[in-house]
1. Taking the condition of being assigned to a helix (DSSP H, G or I) and either at pLDDT 75 or above or surrounded by 14 or more Cβ atoms within 10 Å (Cβ to Cβ) (or both), how many residues in region 1-32 meet it?
2. I need the full set of residues from region 144-171 which are part of a helix (DSSP H, G or I) and at pLDDT 95 or above, in order please.
3. Failed condition for residue 69, given (1) in a helix (DSSP H, G or I); (2) closer than 16 Å to residue 160 by Cα; (3) at pLDDT below 75; (4) in contact with a helix residue (DSSP H, G or I) (Cβ under 8 Å, 6 or more places away or on another chain), with all others met?
4. Residue 49 passes all but one of (1) modelled with pLDDT of 70 or more; (2) crowded, with 20+ Cβ neighbours inside 10 Å; (3) outside any helix (DSSP H, G or I); which number fails?
5. So which residues in region 126-138 are under 15 Å from residue 170 (Cα atoms) and buried (at least 16 other Cβ atoms within 10 Å of the Cβ)?
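The values are calculated or read from the model by the stated rules, or taken from the named source; none is laboratory data. Quantities reported herein were computed from a predicted structural model and do not represent experimental measurements. With ideal geometry, Cβ positions are generated from the backbone for all residues, glycine too; neighbour counts draw on all protein chains shown.
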């Protein structure tokens, strides 16, 4: 509980313009590492994906924000989940671009982070499904991001998005069905 209070205090200081993002990340680094590691293995256990590179890329996205508006620990981790999604999708897009050059083997993209063709394709399909979902139900999209890219539980997602646990459960069922359907309906190559 003390760690949660520390995070909340650091978030409050940042919101007031007196905080230090580096100090915040030092406190949350282990949790971000666990989330990044889970993301790394979620995409077919791609062993070449460097957890540290994923964390650092997400950190750069988060730390680059002018006066971030992270209202709580949960909201911060929801934002971190979105940042990790963006990093993974950007790498997948680069991988697909490399693939068009004829190289279907794993291609290192930056700092030892590599995504194979099948993983890149799946990430892009999931991202397209989430973009469509966001257009019709932004909250369901956020729930999916929190659960899948952020590794948050139903309770943590409810806290992060300031909604009830039952709403999270309902949105999760809807969002995951939509994304799974998009993956199932997608062409294999």
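1. 22
2. 165, 166, 167, 168, 169, 170, 171
3. Residue 69 satisfies all of (1) in a helix (DSSP H, G or I); (2) closer than 16 Å to residue 160 by Cα; (3) at pLDDT below 75; (4) in contact with a helix residue (DSSP H, G or I) (Cβ under 8 Å, 6 or more places away or on another chain) except (1).
4. The one condition residue 49 does not meet is (1).
5. Of everything in region 126-138, those that are under 15 Å from residue 170 (Cα atoms) and buried (at least 16 other Cβ atoms within 10 Å of the Cβ) turn out to be 133, 137.
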